[in-house]
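The values are calculated or read from the model by the stated rules, or taken from the named source; none is laboratory data. Not measured: the values here are computed from a predicted model. FYI the Cβ positions are ideal-geometry reconstructions off the backbone, even for glycines, and counts take in every protein chain you see. To get the accessible areas, we keep the full protein, side chains included, count just its heavy atoms, and leave off ligands, DNA and RNA. Shrake-Rupley method; radii C 1.70, N 1.55, O 1.52, S 1.80 Å.
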Amino acid sequence: MMTQETAEYKIKEAAKDVFMVKGMAGARMQEIADKAGINKALLHYYYRSKELLFKAVFEGIIKAFIPKMLQLFTSDLPLEAKVYQMADKYVDFLSEHREMPLFILTELRRGPLKLIQTLNIGGLIDLSVIQRQIDEEVEKGNIRPITAPQFMLNFVSMMVFPFAAGHMFTGIFGVSEEEFQRIMEARRTEVPKFIMNALRP
């Protein structure tokens, strides 16, 4: 007999697969139940609606990542060392959840604020410490002026886009999956190095 813990695990794994492919709007509870190997009535016993299941699946994934970033953002680690550690955490997360970037972009296109509101992740990351560290480095003459939002946009886009465009990249350039993984591993140092070198006076 299936335990509650096993049932919930199978439901979440099945739901994640279906949501990743079809998004929240296109996913159907019957399809999720079929993939989990349970009947629809049992699925509704655990999750009364598709929205609640969606939140349970992705809130867990994203909120396992955000606290690590919050701790890093507010730490006293020097700016350059912080950027390298941020890159490490992004590569770890995106390597484990390869389909997440494209999924999030698709969901944001369907409803720019709905995903953030559904997962309750708006305003969680404070950029004030990063901005202070940038200003200190500018004052020392180590880097050129830049705002924290611009700094983070540069960083996040360089980290996330290669994973979002992974299938296109491997197809166009004939790169094997193994080689792609090696390239993504190299992003741990390539991106921070590029970001910091671009800001040198």
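About its Cα centre, how strong a charge dipole does the stretch 25-76 have in debye, to the nearest 20, once Lys and Arg get +1 and Asp and Glu get -1 at the Cβ?
Values: 8 positive and 5 negative charges, 37 e Å.
Using only the charged Cβ atoms, the result is roughly 180 debye.
Counting only trypsin sites (Lys or Arg not before Pro) that are in a DSSP loop and have at most 13 other C-beta atoms within 10 Å, tell me the longest site-free stretch of the chain. Before the final figure, lay out the partial values.
Details: sites that count: ARG28, ARG48, LYS140.
Of all site-free stretches, the longest is 49-139.
Compute for the stretch 5-154: radius of gyration divided by Kirkwood radius, i.e. Rg/Rh, restricted to C-alpha atoms, rounded to two decimals.
Using only Cα positions, Rg/Rh for the stretch 5-154 is 1.09.
Quote the convex hull volume per residue of the stretch 72-167, based on C-alpha atoms, as a whole number of Å³.
Dividing the Cα hull volume of the stretch 72-167 by its residues yields 111 Å³.
If you fit an axis through the alpha-carbon atoms of helix 177-199 and take the longest principal axis of the Cα set of the chain, what angle between them do you get, 0 to 90°, nearest 10?
Compared with the principal axis, the helix lies near 40 degrees.
Which lysines does LYS22 reach when only Cα atoms under 20 Å apart count, and residues fewer than 8 places away in its own chain are ignored?
Within the straight-line limit of under 20 Å, LYS22 reaches these lysines: LYS10, LYS12, LYS35, LYS40, LYS50, LYS55, LYS114.
Can you tell me, using C-alpha contacts under 8 Å and at least 6 residues apart, the relative contact order of the chain as a whole percent?
Values: 156 pairs, mean separation 43.5, N = 201.
Reported relative contact order: 22 percent.
Leaving out ligands and nucleic acids, and using a 1.4 Å probe, what accessible area per residue does the chain come to in Å²?
Working: 11480 Å² over 201 residues.
Dividing the accessible area of the chain by its residue count gives 57 Å².
At 1.4 Å probe size, what's the solvent-accessible area of ILE134? Round to the nearest 10 Å².
0
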